[in-house]
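Derivation of every value follows stated rules applied to the coordinates shown; laboratory data play no part. This structure is a prediction, so every number in the text was calculated from the model and none was measured. For neighbour counting, all protein chains shown are included, and Cβ atoms are generated from backbone atoms with ideal geometry for every residue, glycine included.
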Amino acid sequence: MLELVNIRKVYKTENFEQVALDGVNIAFRKSEFVSILGPSGSGKTTCLNIIGGLDRYTSGDLKINGRSSTSFKAEDWDAYRNNTVGFIFQNYNLISHLPVIDNVEMGMTLSGVNSTERRNRAKEVLIKVGLEAHLYKKPNQLSGGQMQRVAIARALANNPEIILADEPTGALDTETSVQIMELIKEIAREKLVIMVTHNPELAEEYSDRIIQFSDGRIKNDSNPYEEIERSNDYQLKRTSMSFLTALKSSGRNVITKKWRTGLTAFASSVGIIGVALVLALSNGFSEKISEYESQMLSGYPITINNGKVNSIPTQPVLVDSEEDKAYSNKESIIAYNAKEESSRQKIHENVFSFEYIDYVNGIDKEYINGISTTRSVSLPILKTEDNVATKLNMNNVSFTTYPVSDHDSDSTAYLEKNFDLLEGSFPSKETDLLLVVDEYNRIEETTLKELGFSRKEISLKDVIGTEYKLLPNDLYYIKSGDTFAVNGNPVDLSNLYKNEKGKTLKISGVIRLKEDAAVSKLPSGIVYSDQLSQDFIAKAQESEIVKVQESVDYNVLTGELLSEETGSNQTTKDNMLSMLGASSIPTSISIYPMNLDAKDSIKSYLDKWNDKVSEDKKIEYSDMASMMTSMIGSIVDMISYVLIAFASISLVVSMIMIGIIVYVSVLERTKEIGILRALGARTKDISRLFNAETFIIGAASGIIGVGITYLLTIPINKIIYHLTDFDNVAHLNPLHAGILIALSIVLTLIGGFLPSKMAAKKDPVTALRSE
Ligand code: ADP
Ligand code: MG
């Protein structure tokens, strides 16, 4: 059955070698009761541990059913311990947090026997050792004799061929010892039992054979076995414990320490809560921002300005050298050229061409809610008060063209969508004007006065139908010598007012921005159709003043010389011409997109122009709404990253904490690790057990963290609503919640990895000896 051939065991300690076994040769029969006697330190336990595969021999061979074990791998030894050997220890070595029946089942659990069979066999052996009344008790609720019976039942449970007992009665009183010996003798009828004892009387009385040890050698063998066994095929069934079994087993261990586990999980969930809250909030804020953006769309158009692009103003960079920095102590003033400066700063200048205007007009009408064009033409408009005509001072009234949905007709869809008509009607002709009031129905008093209303409060009805006269250039400007003058004589103006060449403009309605519409770009004052200014421009190009202005270098109204530089504060010829209505190129175009997607389409359409033209013909547009929202968005993102970084620190802290907890758990369960190894657990099973434990803690902390976050969002949302009127801002994305739980599991597994590796590496003999 079992043969020790010249076994030597040498323990190497730091500076000397201890020979525990010195050439031991024994052969055992298939079934017999062998007692090993000998003084303390003579190598009995060492011999038993080597026979049981708990400890490795230094040299020699252990033959099992004739098969040499020299080539055994770690897994083979684990399997050997699991299927072939049953251990009974002096101090019982039961797993204290498991009930009796589970202790007995453990060996079978490790070898992957299914749960019903496990339970049945465990009950069977427990009945055999006389413990049917104590199946579900914990070991510490039993007497010493009963505990040793549990150990015997556990040794028998996997039906091994060899039972090894190391002083099984050493801790028991005489009477109980006798009972245990009877039980072991009974077992020895069909199995090989090898028992180490201090008690020669018990050995004499019960065993079939007594081997005396002394100084690691056999001094005497009462009944040696000389037959030589032929080698036959000895098959080992490898053990296999599933992760699920490990999880269940660890689950039970975790439950016995529920307070500690609970607190640990809670403490490590703090990091998860932190990250989850930040995610929930930044998520919510980003959503609110994009909601806000789409609301603002109607109010904030994409604007394209003719001339220098209004980018963020940069400090003039005077000199590049190191010494001349900003805010220096220099005691002099330095002149710089604005033009050179702006070319150095690469300020782009948009130059509108007819092609570009056509290109802009080519935008798919589906995307556009409205387009408004601003021209710098100053319309010569007259008003009458008590039959006295005066000219309107354009500096006091804002005259803006209203956005149109379809560029070729004067459709008022944009106005109707965004404005309430307080009185009158929306424009039906190009000569119809609208008066825009603010949300309090107010208009600035100089504007009102300029428009001919000198009272503080005017009824809406009185405003409707108010007429003005738009004069052609030829009537308005009078030539005198080389220059032109504006006719300021009230009598002449009153006559001009009646001239048929003038165009009658009429206020057709009063409008106000809708309450639910977002900010509008239309200022309060007069809005009119772009068609009116286009008609005016067409005629103005034929007027005399324009023709003269085109041919001379001086301002035809003042006689001053015109500047040649564009972009300076002085008036240029181009400025003059467009002021007189000779240029049909607008100074700015505002495009109001239908929705967010349409805005992107319009932008990419505008970008396409820049792709195909040379650098100086590129046109830059600005999109205030997305500039603002992306600025807010990136601030929110930045804050979120910082907060997540802080919260992540607590995640790392909790990871380390889990590592410590598992380490403590490993220390605490050292004995259990030894027991499990004695029962045939592989190193893999041990690390699995601890990994299962960290998995449980990690999952628990993730779930607790996410759960608490969901609860916290309720009061947080109440507070935010109270402060900002934003409803339901904090909400955790379920995907994020899932990821966080997974992250928590992964981090705790990492934290517990080293300790559980350490547990797996523990030497079973040392582990068993620990208290
Ligand atoms: P017994 O069980 O007969 O009392 P052991 O087999 O436990 O004796 O010990 C045999 C000898 O080997 C003793 O001298 C003991 O000190 C030594 N020994 C046992 N285990 C170790 C070990 N892990 N490291 C060093 N020496 C050991
Ligand atoms: Mg011993």
Problem - Cβ-based exposure ranking for TYR710, TYR367, TYR440, in which fewest neighbours within 10 Å come first - result: TYR440, TYR710, TYR367
Completion exercise
Length gained, TYR292-GLU564, 0.36 nm per residue minus C-alpha separation, equals 93.4 nm
Practice task
Based on the mean of other Cβ atoms within 10 Å per residue, sort peptides 682-690, 660-668, 721-729, 475-483 so the most packed one is first.
Solution key: 682-690, 660-668, 475-483, 721-729
Exercise for the section: Find how much the distance from TYR641 to ASP462 grows on full extension, using 0.36 nm per residue of separation minus their present alpha carbon separation; answer in nm with one decimal. Expected result: 58.6 nm
Exercise for the section: Identify all lysines with a Cα-Cα distance to LYS503 below 19 Å; exclude those on the same chain that are fewer than 8 residues away in sequence. Expected result: LYS383, LYS391, LYS429, LYS469, LYS539
Completion exercise
Least to most buried among TYR605, TYR528, TYR206, by other C-beta atoms within 10 Å and fewest first, runs TYR605, TYR206, TYR528
Handout entry: Length-normalised contact order for the stretch 2-237 - Cα pairs under 8 Å, 6+ apart - percent
Key = 32
Exercise for the section: Between THR587 and LEU723, take the C-beta separation as r, use R0 = 41 Å, and let me know the FRET efficiency to the nearest 0.05. Expected result: 0.45
Completion exercise
Full extension between SER480 and SER376 adds, at 0.36 nm per residue less the Cα distance, a length in nm of 34.9 nm
Handout entry: Dipole magnitude (debye, nearest 20) for the stretch 2-237, charges at Cβ of Lys, Arg, Asp, Glu
Key = 620
Practice task
Sequence neighbours fewer than 8 away in the same chain don't count; with that in mind, list the lysines whose C-alpha is under 20 Å from LYS684.
Solution key: LYS73, LYS237, LYS248, LYS671, LYS757, LYS761, LYS762
Completion exercise
Summed over the other residues with a beta carbon less than 12 angstrom from that of LEU493, with K and R at +1 and D and E at -1, the charge totals +2
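Run the helix sum for the chain: -39,500 (n - 2.57) per DSSP H stretch of 4+ residues, divided by residue count, reported at 222 nm to the nearest 500 deg cm²/dmol.
It comes out at -14500 deg cm²/dmol, rounded to the nearest 500.
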Fill in the blank from the handout: Within the stretch 2-237, the percent of DSSP beta bridges that are antiparallel, given to the nearest 5, stands at 50
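Assign unit charges at the C-beta atoms only (+1 for Lys and Arg, -1 for Asp and Glu), then state the dipole size of the stretch 193-282 relative to its Cα centre in Debye, rounded to the nearest 20.
Once rounded to the nearest 20, the dipole reads 1140 debye.
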Exercise for the section: Work from the charge dipole of the chain (Cβ charges, +1 for Lys and Arg, -1 for Asp and Glu, about the Cα centre) and give the residue of PRO160, MET758, ASN393 farthest towards its positive end. Expected result: PRO160
Problem - Taking the chain and dividing mean pair separation by its residue count, relative contact order in percent (alpha carbons under 8 Å, at least six apart) - result: 18
Practice task
Just need the relative contact order of the stretch 620-771 here, percent rounded to a whole number, with Cα pairs under 8 Å and 6+ apart.
Solution key: 42
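Taking neighbour counts of Cβ atoms within 10 Å as a proxy for exposure, in what order, fewest first, do MET655, MET108 appear? Spell out each step's value before the answer.
Details: MET655 20, MET108 24.
Listing MET655, MET108 from fewest to most nearby Cβ atoms yields MET655, MET108.
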Completion exercise
With label points set 7 Å from each Cα along the Cα-to-Cβ direction at ALA538 and LEU263, the distance between them in nm comes to 8.9
Fill in the blank from the handout: Counting only DSSP beta bridges fully inside the chain, the antiparallel percentage to nearest 5 is 65
